[in-house]
Structures are given as structure tokens and as C-alpha cells.
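The values are calculated or read from the model by the stated rules, or taken from the named source; none is laboratory data. The model shown is predicted, which means the values in this text are computed figures rather than measured ones. Ideal geometry is used to build each Cβ from the backbone, glycine not excepted, and the neighbour counts take in all protein chains shown. The protein model used for the area step is the full one, side chains on, heavy atoms only, and it has no ligands, DNA or RNA in it. Shrake-Rupley method; radii C 1.70, N 1.55, O 1.52, S 1.80 Å.
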Amino acid sequence: MLITTETLLGADPPRSAYLESYRVLRSSVLALNEKEPFQTVLVTSPGQGEGKTTVVTNLGIMLGLVEKPTIIADADFYAEGISEVLGTADAVGLTDLCLGQVQLDEALIETEIPSLHILSTGTQIDRGPELAVTGSMKQVMGQLKERAEFVLLDCTPVSGFATALSLAGAVDTVFVVSLARSQATVVQRCLDELRERGANIGGVIVNDVLPSDSAVHRAFHRYYG
Ligand SMILES: Nc1ncnc2c1ncn2[C@@H]1O[C@H](COP(=O)(O)OP(=O)(O)OP(=O)(O)O)[C@@H](O)[C@H]1O
Ligand SMILES: [Mg+2]
């Protein structure tokens with residue numbers, strides 16, 4: 001799959017509430033960045049399949065569309081991240097950079113959006129969870145910050161996996177994606193665990209809000225339906 005200016009993951013036709021919700025997310029992220037500047041963003045969630053890869057990809061596209069230099073880096077070393085979705089799993093990437101085996105220019109993958117680049121997990125994916133706790137990962141984060149205004153890391157869930165907790169303190173901020181139907185206590189526990197690891201929580205992104213559940217979506221459909 002290619003990233004283009006026309007597609008959002010999971011999108012239906014343009015002008016939908018879905019597309020608009022990502023414009024709202026972009027606006028919130030840019031407003032937050034004005035108040036408390038950040039560049040590296042870890043995207044995680046309490047559990048599996050809550051929409052991390054979808055959200056991080058679409059947020060990257062939305063930032064790219066307003067010409068914000070953005071890199072989406074795949075830090076999900078269990079092959080559930082953007083490298084799998086885009087079919088770039090065999091490319092050099094984050095792990096190779098940590099091991100000093102490639103230069104950043106060789107690893108960055110262009111997209112149809114000039115401001116948006118992808119960084120795959122890399123060829124040493126099995127070593128990813130260990131590399132996530134090394135100083136070399138912090139160095140690579142520093143390199144990425146020099147190349148882009150925003151570096152979005154697609155990561156593992158918190159429950160059952162070490163990587164998100166390992167990286168939580170190595171990034172400027174953490175966004176937690178949570179399904180709307182998740183229990184508040186589960187989300188709270190996830191936030192507590194991340195904070196214990198030194199995370200600065202930028203916000204919680206609620207995914208899979210049903211139109212019938214949301215006054216905002218009802219209003220949208222009334223005006224544009
Ligand atoms: N808002 C949404 N509406 C419809 N489908 C969605 C939505 N968000 C995610 N999905 C679908 O749900 C599935 C899981 O999403 P995704 O892969 O983004 O989750 P994830 O949190 O990255 O999963 P994992 O923990 O396995 O990495 C995908 O098939 C995706 O297309
Ligand atoms: Mg994923």
C-alpha cells in the first residue's frame with residue numbers, strides 16, 4: 001500500500017465525519033504543540049488492536065498535508081505496525097539505525113506527500129525490544145528530531161509488551177489511543193504505568209466513536225450529511 005494525498009487508513013469518502021475527525025485531531029495536536037512544544041511522540045494503547053497504527057498513519061498524513069515535516073517511525077517490533085500495513089517490513093529502518101549500520105538518508109522512505117517520510121522497523125526486528133532500552137535509540141531519536149518537526153512512533157500496546165514502557169521516557173510526549181468502549185480504569189492504569197516510566201502524557205485519543213454516541217457527529221451530519 002502507498003501513502004497518497006488521497007487516502008486515509010480506514011477512510012470513507014472525503015468530507016466524511018471520519019476525515020473531519022482527523023482534522024480536529026491535527027488541530028488539537030498543533031495547539032498542544034504551541035503550548036508545550038514537542039517533537040517525538042510515542043503512540044501506544046492499553047491493549048492490542050485499539051487503532052494505534054491507523055491513528056499514527058492518519059495523523060502523519062494530516063500533518064504532512066499542511067506541510068509539517070513529519071516522520072512516522074515503526075517501533076512495533078512485533079510486526080503489527082506501519083511497516084506491515086505499507087509492505088515495507090523488509091526495508092532498512094529503526095533497528096539498523098540504532099546499530100549504526102545505515103545512514104538516515106538510506107532508511108527514510110518517501111511518500112506521495114513531500115513532507116511525510118516513513119521509517120520501517122528495520123531488518124534487525126528481533127533485536128528491537130533490546131535496542132529500545134539502549135542509548136543508541138536515544139541518539140537516533142535526536143537524529144530524527146533534526147530531520148523533522150514531528151516524529152511519530154507507532155508502538156506496541158502497554159499491556160503484555162515491554163517496548164512502549166521502555167521508550168516512554170525517551171520521547172517528548174506520549175499519546176494513548178483507546179477504544180471508546182474501553183473501561184476508564186483500564187485506561188487509567190495504562191496512563192499510570194507510562195507516567196511511572198517517566199512519560200509525559202500529551203493526551204488520550206479516543207478511537208471508534210460510533211456516530212450515534214457522539215453529539216459532535218450528530219451535529220456534523222446535520223450540517224454536511
Ligand atoms: N476508527 C476505526 N474504524 C474502523 N476500523 C478501524 C478503526 N480504527 C482501527 N480500525 C481497524 O481495526 C484494526 C486494528 O487497527 P490498528 O492496526 O490500527 O490497531 P493497532 O492498535 O495498531 O493494533 P496492534 O496492537 O495489533 O498493533 C485494523 O483492521 C484497522 O483497520
Ligand atoms: Mg499496530
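Across segment 66-85, the qualifying residues are those that are in a loop (DSSP other than H, G, I, E, B) and open to solvent by 10 Å² or more (accessible area, probe 1.4 Å), and the one among them that is farthest from ligand 1 (Cβ to nearest atom) is Glu67.
Applying the selection to segment 86-100, what residues are surrounded by fewer than 19 Cβ atoms within 10 Å (Cβ to Cβ) and either without any contact (Cβ under 8 Å) to a residue 12 or more places away in the chain or in contact with a helix residue (DSSP H, G or I) (Cβ under 6 Å, 6 or more places away or on another chain) (or both)? Residue satisfying the conditions is Ala89 alone. Filtering segment 51-65 to residues that are away from ligand 1 (no atom under 12 Å from the Cβ), open to solvent by less than 10 Å² (accessible area, probe 1.4 Å) and of a type in the set (A, V, I, L, M, F, W, C) leaves Ile61, Met62, Leu63. Exactly one residue among Gln48, Gln103, Gln39, Gln124 is without any contact (Cβ under 8 Å) to a residue 24 or more places away in the chain and open to solvent by 10 Å² or more (accessible area, probe 1.4 Å), and that residue is Gln103. Would you confirm whether or not segment 155-176 contains a residue that is closer than 18 Å to Gly51 by Cα, touching a strand residue (DSSP E or B) at 6+ places or on another chain (Cβ under 8 Å), part of a strand (DSSP E or B) and not β-branched (Val, Ile, Thr)? Checked against the condition, which is being closer than 18 Å to Gly51 by Cα, touching a strand residue (DSSP E or B) at 6+ places or on another chain (Cβ under 8 Å), part of a strand (DSSP E or B) and not β-branched (Val, Ile, Thr), segment 155-176 yields at least one hit. Hey, any hits in segment 21-29 for a residue that's touching a strand residue (DSSP E or B) at 6+ places or on another chain (Cβ under 7 Å), open to solvent by less than 50 Å² (accessible area, probe 1.4 Å) and more than 20 Å from Ile201 (Cβ to Cβ)? The answer is no, given that none of the residues of segment 21-29 is touching a strand residue (DSSP E or B) at 6+ places or on another chain (Cβ under 7 Å), open to solvent by less than 50 Å² (accessible area, probe 1.4 Å) and more than 20 Å from Ile201 (Cβ to Cβ).
I'd like the full set of residues that are under 18 Å from Gln188 (Cα atoms) and either near ligand 1 (Cβ under 10 Å from one of its atoms) or assigned to a loop (DSSP other than H, G, I, E, B) (or both), limited to segment 17-48.
Filtering segment 17-48 down to residues under 18 Å from Gln188 (Cα atoms) leaves 42-48.
Val43, Thr44, Ser45, Pro46, Gly47, Gln48, listed by residue number.
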